[in-house]
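Let me begin by presenting the structure, written as structure tokens, before commenting on it.
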Amino acid sequence: QVQLVESGGGLVQPGGSLRLSCAASGMKISVNTMNWYRQAPGKQREWVGIISSVGTTAYANSVKGRFTISRDNAENTVYLQMNSLKPEDTAVYYCHLPTRTTVYWGQGTQVTVSS
């Protein structure tokens with residue numbers, strides 16, 4: 001059974017940083033593309049960024065230059081480094097694993113940016 005578990009969320013002041021982790025179990029994700037999404041209260045879930053199996057990344061315009069996705073295949077984990085956080089980054093953050101037959105989501109981790 002494939003599971004994705006996010007961690008690392010919390011409360012941070014504007015301008016601060018957080019690093020989220022997405023640990024996968026039940027399958028090796030080294031050959032898979034992984035995405036990060038987020039959902040703010042009252043809004044639709046939005047795509048944040050993607051990392052390919054070889055480490056190529058792309059980001060939404062709203063986070064470009066502030067967020068960085070990386071992966072550690074030995075640890076079967078993907079990371080989202082978030083810098084220069086803004087109140088509008090407040091959301092539940094989810095990792096997303098698409099495969100040929102289905103897609104998997106983690107349970108999400110709350111990030112709150114507030115003074």
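The values are calculated or read from the model by the stated rules, or taken from the named source; none is laboratory data. Everything numeric in this text was worked out from a predicted model, so none of it was measured. Please note: Cβ atoms are built from the backbone with ideal geometry, for glycine as well, and neighbour counts cover all protein chains shown. Accessible surface is based on the protein model in full, side chains and every heavy atom, while ligands, DNA and RNA are left aside. Shrake-Rupley method; radii C 1.70, N 1.55, O 1.52, S 1.80 Å.
Exactly one of (1) modelled with pLDDT under 95; (2) open to solvent by 60 Å² or more (accessible area, probe 1.4 Å) is unmet by THR56. Its number?
Of the numbered conditions (1) modelled with pLDDT under 95; (2) open to solvent by 60 Å² or more (accessible area, probe 1.4 Å), the odd one out for THR56 is (1).
Looking at (1) at pLDDT below 95; (2) in contact with an Asp or Glu (Cβ under 7 Å, 6 or more places away or on another chain), which is the only condition SER30 fails?
Single failed check for SER30: (2).
Taking ILE51 and the conditions (1) open to solvent by 30 Å² or more (accessible area, probe 1.4 Å); (2) without any contact (Cβ under 8 Å) to a residue 40 or more places away in the chain, which numbered condition does it fall short on, given that it satisfies the others?
For ILE51, the exception is condition (1).
Mind checking which residues of segment 1-44 are in a strand (DSSP E or B), open to solvent by less than 40 Å² (accessible area, probe 1.4 Å) and of a type outside the set (Ser, Thr, Tyr)? Outline the logic, then answer.
To start, the set of residues in segment 1-44 that are in a strand (DSSP E or B) comprises 3-7, 10-12, 18-25, 34-39.
Next, from what is left, pick out any that are open to solvent by less than 40 Å² (accessible area, probe 1.4 Å): 4, 6, 10, 12, 18, 20-22, 24, 34-36, 38.
If the condition is that a residue be in a strand (DSSP E or B), open to solvent by less than 40 Å² (accessible area, probe 1.4 Å) and of a type outside the set (Ser, Thr, Tyr), then LEU4, GLU6, GLY10, VAL12, LEU18, LEU20, CYS22, ALA24, MET34, ASN35, TRP36, ARG38 are the ones that fit.
Test THR68 against the criterion of being in contact (Cβ under 8 Å) with a residue 12 or more places away in the chain and open to solvent by 50 Å² or more (accessible area, probe 1.4 Å), and give yes or no. Working first, answer last.
Working: in contact (Cβ under 8 Å) with a residue 12 or more places away in the chain: yes; open to solvent by 50 Å² or more (accessible area, probe 1.4 Å): yes.
Judged against the criteria, THR68 is a match.
What pairs come up if the first residue lies in segment 76-101 and is β-branched (Val, Ile, Thr), the second is open to solvent by less than 40 Å² (accessible area, probe 1.4 Å) and in a loop (DSSP other than H, G, I, E, B), and their beta carbons are under 7 Å apart, counting only those six or more places apart or on different chains?
THR90/ALA40; VAL92/GLY108; THR99/ASN32
How many residues are more than 12 Å from ASN35 (Cβ to Cβ) and surrounded by 19 or more Cβ atoms within 10 Å (Cβ to Cβ) when one looks only at segment 96-107?
Residues that pass the stated criteria total 0.
Find the residue count for segment 71-95, including only residues that are farther than 14 Å from SER7 by Cα, out of contact with any Pro (no Cβ under 7 Å at 6 or more places or on another chain) and crowded, with 19+ Cβ neighbours inside 10 Å.
2
Do we find a residue being assigned to a strand (DSSP E or B), under 22 Å from GLY16 (Cβ atoms) and in contact with a strand residue (DSSP E or B) (Cβ under 9 Å, 6 or more places away or on another chain) anywhere in segment 96-108?
No: segment 96-108 contains no residue that is assigned to a strand (DSSP E or B), under 22 Å from GLY16 (Cβ atoms) and in contact with a strand residue (DSSP E or B) (Cβ under 9 Å, 6 or more places away or on another chain).
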